[in-house]
Every structure is written in C-alpha cells, then in structure tokens.
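Novice: This is the structure, below, for whatever I ask next.
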Amino acid sequence: MIDYKELVAKAIYDAGVGLELPEIMDVVEVPADDKMGDYAFPCFKLAKVLKKAPPMIAKDIAGKLEGNPLFAKVEPVNAYVNMFMSKEEFVKSVLSEVIEKGEGYGRSDIGGGKTVIVEYSSPNIAKPFHIGHIRSTVIGNAIYKLYDALGYKTVRINHLGDYGTQFGKMICAYRHWGNEEDVKREPIKTLLEYYTKFHVEVETHPELDDEARAIFAKLEKGEPEEVRLWQWFRDESLKEFNRVYDMLGISYDSYAGESFYSDKMPAIEKELEEKGLMKESEGAMIVDLEPYGMPPALIKKSDGSSLYITRDLAAANYRKDHYNFYKNLYIVASQQNLHFQQWIKILELMGREWAHDCVHIPFGLVSLEDGTMSTRHGRVVFLEDVLNRAVEKTKEIILEKNPNAENVDEIAKAVGIGAVIFQELSNSKIKDYVFSWNKVLNFEGETGPYVQYAHARACSVLRNAGDSVVAAAQKVESLDMNYLTGESAYKLAKEIYDFPAAILEAAEKYEPSILTRHIVDVAQSFNKFYYDEHILVDNEAEKLAKVALVYAAKSTIAAGLNLLGMKAPEKM
Ligand code: ARG
C-alpha cells in the first residue's frame with residue numbers, strides 16, 4: 001500500500017528544504033480538521049535551522065510544491081503548509097491496490113516469517129465448555145489470524161487443562177459410582193456429575209481424598225489402568241470441544257496441554273533447585289517472591305504432586321526450544337494475572353532472556369445476570385447452546401422475511417455464529433461483561449449481521465452489473481476517477497485505505513476490536529455511498545468507476561470478516 005505520509009514527506013524533501021527525510025516524516029501531521037488539508041507541515045523546527053520566521057518558510061515551501069501532481073492544492077497558513085491531496089490520484093491508488101490483492105487486501109509480510117505462538121481457548125477436560133470460554137477462544141483465533149495476515153509463522157496451541165489432582169478425584173469417583181454407557185452418551189455432563197458427587201461424599205468420607213491422591217500419584221507414574229481412564233476422559237471431552245471448534249471454524253496446530261509437560265517438570269525443579277531459587281516451606285517446595293511484592297509460587301506440593309505453574313514453566317521452556325518463538329502469546333482471563341506475573345518473574349530469575357517475549361494477554365470476566373458462573377451450582381451457559389440458539393433465531397428471521405430463501409441452513413449458520421463472534425470482538429477485551437440472551441440474539445445496529453449484509457449487498461450490486469462490467473471495472477488505469485471524488489465515494493475510499501493500518505494496530509495492541517470497529521466504518525461508508533449514489537447508471541464510464549469502488553468495498557469487508565473468523569455469505 002502506498003504510504004501517503006511518506007510520499008508527502010518525500011515531496012517536501014525533494015523541494016530541498018534543509019531537513020533530512022526522517023526529520024520531515026516526524027513532523028508531517030494529519031490536521032484534526034480536514035478543512036486544513038489532508039496533511040500539514042509545521043515549520044517551527046525549520047525556523048530554528050534557517051533562522052527565518054515560520055510563516056515565511058511556509059510560504060516558500062508551498063511555492064515549491066505548487067504544480068506537484070500529488071496535490072490538488074497547497075496552502076501556506078501561518079506557520080503551516082497545508083496540503084490537499086489529489087483525490088483522483090488517491091482513489092486510483094487505493095483501487096489499484098485492492099483490486100490487485102482481492103480478499104488478500106491488507107495482508108503483508110511485515111512479520112518476515114518469524115514465529116508467533118498463540119495459545120488460546122485451553123479449557124479444562126471434563127468441565128463444561130461454557131460462555132466464559134468464548135472470550136479466549138474467539139479473541140485468540142482473531143489474534144492468530146491477524147499475525148498470520150502480517151506474515152508471521154503462527155503456531156496455534158490449545159493448552160488443555162488435562163492434568164492435575166482433579167483427575168485423581170474423577171477416576172476415584174468413576175470407580176465408585178460411574179458407568180461406561182453414561183460417560184459415552186454425555187461425557188462432560190456425566191464426568192462433572194461424578195466430580196460434584198466426589199465433593200459431596202468427601203465431606204463425610206474424608207478417606208476418599210487419600211484414595212484420590214493415591215490415584216493421581218499412580219497416574220503421574222504412568223500406571224496403565226489410571227492412564228487408560230484418564231486418556232478416555234480426555235478423548236471424550238475433546239470430542240465435545242471439537243464440536244464447538246468446528247462450529248466456530250477453529251482448528252489447532254497442537255493440543256499439547258498440561259499433561260504433555262508431566263515428564264518435563266523434573267528438569268525445571270532441578271534447575272530451580274540448583275540456582276537456589278527453590279526452598280522448602282511446610283514440606284512443600286516454593287519460590288519466594290516476596291522481594292517482588294508477590295506471594296510465593298508453589299512448585300511442588302508436600303505429597304510430591306506437581307502444579308499448574310510448574311507446568312507453565314516447563315511449557316515456556318519447551319516452546320522456546322521447540323519453536324524458537326519470536327513471541328509466545330497467552331490469551332487467558334485477567335483472573336490469572338497473578339499467576340502469569342509470578343511465572344514471568346520466575347522465568348526472569350532463571351535467567352531466560354526471552355522471558356518478556358512471553359506475553360499474557362488478559363481479558364475481562366463474563367458473568368451471568370444472576371451472578372457469576374458456577375459449575376458447582378449449575379449456573380453455567382454452555383457455549384454450544386449459545387451458538388445453536390443464535391443459528392435457530394437467524395433461521396427464523398430469514399424465513400420470516402423470505403419463506404423461499406435458498407440455502408437457509410448454511411446462511412443461518414454463517415450469520416448466527418458470526419453474530420456471536422462479532423459481538424465478542426466488538427468491545428475492548430479487558431472489559432467485564434454480563435452475558436445476556438437478549439443482547440447476543442439482537443441483530444440490530446452495529447452487529448455482525450449488519451456488516452455481513454453490507455457485504456451481501458455489494459455482491460448483489462456486482463451480480464446485477466454482470467461479469468463483463470465487473471471485469472472491465474478492474475482495469476483501474478482506464479477508469480475515470482472523477483466519478484469517485486464525491487463526498488461519500490471519497491469517504492469510502494479513505495476507510496478502505498485505512499484498513500491495513502487497522503490490522504497492524506489491532507495486532508500490535510492485541511486488540512481485535514480495533515479491526516471490528518474499522519470494518520463497521522467501512523460497511524457504514526459503503527451503505528452511505530449505496531444510498532447517496534446511483535451505481536448502475538447508463539453512463540458507461542461512471543458505472544465502471546463506481547463498480548470498481550463497490551468491488552473494493554466488498555473485498556475489504558470480506559477480508560475483514562475473515563480475519564475475525566467469520567464467513568462472508570454472498571447472499572443473505
Ligand atoms: N485451563 C486453564 C483454565 O481453564 C487455562 C489455561 C491457560 N493457559 C496457560 N498456559 N496457563 O483456567
């Protein structure tokens with residue numbers, strides 16, 4: 001993409017003003033009020049160099065830029081040179097770029113193939129996959145897609161919670177009260193029932209706790225019968241998770257969860273020991289973090305069993321060795337802030353110079369209208385139910401509007417699930433929110449369906465224009481850009497131009513909502529253009545130019561939806 005600011009700076013440099021190009025780049029600005037031009041050059045810095053009054057210099061530079069085809073107008077105003085870009089040139093360069101790239105518009109190779117690990121979703125085995133998990137899952141997927149679009153080599157990891165003392169309890173409960181058929185029929189619900197029953201029974205039968213601990217110890221030692229049951233629970237749970245991932249169009253490069261690190265923890269413990277970082281406390285092994293204002297990190301329990309943070313230390317080391325990452329990103333709830341602060345401090349203390357290439361990307365809490373979610377109290381909304389209901393509701397809306405609609409199921413799926421994803425990615429990720437069925441099933445306003453509809457509308461204009469017109473419209477050199485300098489066309493072209501910058505900013509800030517909001521802006525500008533202007537006019541030259549802009553808007557919206565993990569149906 002042409003960087004206009006750079007072109008402007010270059011033009012000023014070529015005019016020979018006495019500053020180096022980077023210095024000029026530094027001061028060129030975009031005026032807050034576009035009546036002052038698209039770019040402005042303040043002359044204060046030069047005044048010091050040239051020992052001349054700024055307005056004089058501004059006048060001088062404006063004179064030198066006069067006649068440059070890049071500009072429609074150059075005006076000295078006090079200490080500033082205000083520059084108005086040639087709208088025709090601008091729109092032309094935007095259209096050329098989008099038409100060349102199509103739905104790949106906005107992609108770049110800034111990343112140069114460096115490896116970025118994105119760890120997201122990471123639910124716990126045998127626990128419900130609920131609405132609280134949507135955040136890590138959907139935000140993480142968008143962050144992965146953003147880095148992929150920027151030319152990084154990405155590795156998607158699902159760090160499954162598939163290890164820990166709770167599996168001792170679950171196996172114990174299964175042996176006492178379980179049966180195979182029930183687990184097969186409804187794995188997560190059944191396993192959860194066992195787990196809950198264990199907690200009830202242990203109140204009156206404390207010996208169950210010892211039994212569960214012994215079972216977990218066997219599991220850690222790799223005893224076949226314990227491993228078999230654990231593996232079976234894991235497989236059944238993963239089947240359920242995968243149903244939801246399929247609906248969301250999400251897949252992974254690795255499902256190396258906590259259990260994967262079970263044989264990699266002793267090395268970490270040994271190193272902590274050797275470096276004098278670990279000490280005993282009431283029979284357990286801890287890293288004292290008091291000097292850093294944090295509670296101690298528990299590395300090994302007094303019964304010898306390993307812990308969550310130990311597995312995360314092993315995981316970071318393994319990932320560095322195995323993938324040699326440039327960045328290792330963890331999309332995990334802000335409730336785990338302390339865990340990740342302790343963990344990164346320990347990596348630092350261990351002397352890992354790459355510790356700060358590991359980044360915890362936190363997000364806010366999802367609660368329910370009747371309070372926080374609680375698996376134990378049955379207050380949970382399953383993610384699968386949310387997606388299914390959104391699809392059903394979309395189907396009803398489509399059939400209400402058009403009883404003979406084609407491909408209803410496919411479109412309802414794309415739009416219904418898209419609505420849930422889009423809503424999730426619309427707000428700043430760190431904000432807490434209360435889940436509400438009304439909100440998630442409301443498709444009015446700046447929602448996913450609104451954006452998808454703008455895309456489908458653009459597709460319909462292109463269908464009506466016909467293939468030969470659409471093909472001719474892609475020969476940008478021969479188009480007459482004078483038809484695209486009106487207010488709404490120019491505004492749309494500007495939004496399209498800003499799309500790659502929105503991708504970059506969203507990725508750098510780990511904030512997909514920046515892109516979401518930008519796509520809404522593109523869709524709104526497209527709709528305004530569609531209402532303000534007649535597109536398929538008789539005048540051939542005017543029609544071709546306008547069809548080219550519609551094509552560019554369509555490609556941009558489709559590219560944007562794709563980066564958020566949504567489909568862009570051509571008909572709705
Ligand atoms: N399984 C954990 C949970 O559900 C999240 C794991 C986050 N990732 C990590 N590397 N600690 O809370």
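The values are calculated or read from the model by the stated rules, or taken from the named source; none is laboratory data. The model shown is predicted, which means the values in this text are computed figures rather than measured ones. Cβ: placed from backbone, ideal geometry, glycine included. Neighbour counts: every protein chain shown. Just the protein is used for accessible areas: all its heavy atoms, side chains included, with ligands, DNA and RNA removed. Shrake-Rupley method; radii C 1.70, N 1.55, O 1.52, S 1.80 Å.
Novice: Would you kindly find the accessible area of Phe382, with a 1.4 Å probe and non-protein molecules such as ligands, DNA and RNA excluded, rounding to the nearest 10 Å²?
Specialist: 80
Novice: Sort out for me the Cα centre separation of segment 290-363 from segment 1-56, rounded to whole Å.
Specialist: 46
Novice: Please compute P(r) over all alpha-carbon pairs of segment 483-572, binned at 10 Å starting from zero, and give each bin as a whole-number percent.
Specialist: 17, 46, 28, 8, 1
Novice: Run lengths n ≥ 4 of DSSP H only: what is the helix-derived mean residue ellipticity at 222 nm for the chain, with -39500 (n - 2.57) per run over all residues, to the nearest 500?
Specialist: That comes out to -18000 deg cm²/dmol.
Novice: Right, another one. Name the residue farthest towards the positive end of the dipole of the chain from the options Ala62, Val202, Ile344, assuming +1 on Cβ of Lys and Arg, -1 on Cβ of Asp and Glu, about the Cα centre.
Specialist: With unit charges placed on the Cβ atoms, the residue in question is Ala62.
Novice: Take each of the peptides 514-523, 136-145, average the number of other beta-carbon atoms within 10 Å over its residues, and list them starting from the highest.
Specialist: 136-145, 514-523
Novice: Another question about this same structure. For segment 432-488, what is the convex hull volume of the alpha-carbon atoms per residue, in Å³?
Specialist: Spread over its residues, the Cα hull of segment 432-488 gives 154 Å³ apiece.
Novice: For segment 415-572, what D do you get in µm² per second when you plug the Kirkwood radius from alpha-carbon pairs into Stokes-Einstein at 20 °C and 1.002 mPa s?
Specialist: 131
Novice: Specify the angular offset, from 0 to 90 degrees and rounded to the nearest 10, of the alpha carbon long axis of helix 448-465 from the longest principal axis of the alpha carbons in the chain.
Specialist: 50
Novice: Whole number please: convex hull volume per residue of the Cα set in segment 270-347, in Å³?
Specialist: Dividing the Cα hull volume of segment 270-347 by its residues yields 114 Å³.
Novice: List residues of segment 284-305, by number, whose backbone nitrogen lies under 11 Å from a label position 7 Å along Cα→C-beta of Val227.
Specialist: Taking a point 7 Å out along Cα→Cβ of Val227, no residue of segment 284-305 has its backbone N under 11 Å.
Novice: Which order do Leu208, Leu365 take by accessible area at a 1.4 Å probe, largest first?
Specialist: Solvent-accessible surface, decreasing: Leu365, Leu208.
Novice: Hey, what D do you get for segment 1-138 in µm²/s if you plug the Kirkwood alpha-carbon radius into Stokes-Einstein at 10 °C and 1.306 mPa s?
Specialist: Translational diffusion coefficient: 86 µm²/s.
Novice: So how compact is segment 226-269: Cα radius of gyration and Dmax in angstrom?
Specialist: Taking only Cα atoms of segment 226-269, I get Rg and Dmax of 13.5, 40 Å.
Novice: When the accessible area of segment 1-155 is split by element with a 1.4 Å probe, what percent falls to carbon and sulfur?
Specialist: C and S atoms contribute 52 percent here.
Novice: Taking a 1.4 Å probe, which of Asp467, Asp288 shows the most accessible area, and what order do the others take after it?
Specialist: Putting Asp467, Asp288 in descending order of accessible area: Asp467, Asp288.
Novice: Per residue Cα convex hull volume for segment 182-264, in cubic angstrom?
Specialist: Taking only Cα atoms, segment 182-264 has a hull volume of 117 Å³ per residue.
Novice: On C-alpha positions alone, give me the angle between the axis of helix 487-508 and the longest principal axis of the chain, in degrees, nearest 10.
Specialist: Orientation of helix 487-508: about 40 degrees from the principal axis.
Novice: Distances over 23 Å make up what percent of all Cα-Cα pairs in segment 228-332?
Specialist: 44
Novice: Ser460 to Val49: extension gain in nm, 0.36 nm per residue of separation minus the Cα-Cα distance?
Specialist: 142.2 nm
Novice: Something else now. Kindly state, to the nearest 0.05, the FRET efficiency for Arg389 paired with Asn427, given R0 = 25 Å and r defined as their beta-carbon distance.
Specialist: Result of the calculation: an efficiency of 0.75.
Novice: May I ask you to rank His455, His130 by accessible area, largest first, using a 1.4 Å probe over the protein chains only?
Specialist: His130, His455
Novice: Also, I was wondering about something else. With the Cα gyration tensor of the chain in hand, give its eigenvalues times 5 under a square root as the equivalent ellipsoid semi-axes, listed largest first in whole angstrom.
Specialist: 53, 33, 18
Novice: Could you compute how much accessible surface Tyr530 exposes when probed at 1.4 Å, giving the result in Å² to the nearest 10?
Specialist: 80
Novice: Specify the inter-centroid distance of segment 381-416 and segment 134-149, based on alpha-carbon positions, in whole Å.
Specialist: Going from one Cα centre to the other spans 24 Å.
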